Amino acid sequence: MTKNSLKDIRINLMFSRSELARKAGVSPMTIERLEKGEDCRLDTKRKILLALGLTIEDKDKVFN
């Protein structure tokens, strides 16, 4: 498991885990697991990027 920037970006945008999860159409547990560095499907990463207002090209800024 590797650390990623998801939690820092989420906090900077002032989103709660639940709010980001709702916007992305995933569970809050999924957000929590990703913030801990666990892996997920590419589709889930795409949903989260879009919910953060980012593009697919920004994936390396969020998911190192």
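Since every read-out is calculated from the coordinates, none of them should be taken as a lab result. Only a predicted model underlies this, so the values are computations on that prediction, with no experimental measurement involved. FYI the Cβ positions are ideal-geometry reconstructions off the backbone, even for glycines, and counts take in every protein chain you see.
Note down the net charge around D8, summing +1 for each Lys or Arg and -1 for each Asp or Glu among other residues with Cβ under 14 Å from its Cβ.
Around D8, the surrounding residues sum to +4.
Compute the signed sum of charges (Lys and Arg +1, Asp and Glu -1) over the other residues within less than 11 Å, Cβ to Cβ, of K36.
-1
Pick from G37, G25, G53 the residue whose mean-square fluctuation is largest in a GNM of the chain, springs joining Cα atoms under 10 Å.
Of G37, G25, G53, the most mobile in the Gaussian network model is G53.
Sum -39500 (n - 2.57) across every DSSP H segment of at least 4 residues in the chain, then divide by the residue count to get the 222 nm mean residue ellipticity, nearest 500.
Value at 222 nm, helices only: -15000 deg cm²/dmol.
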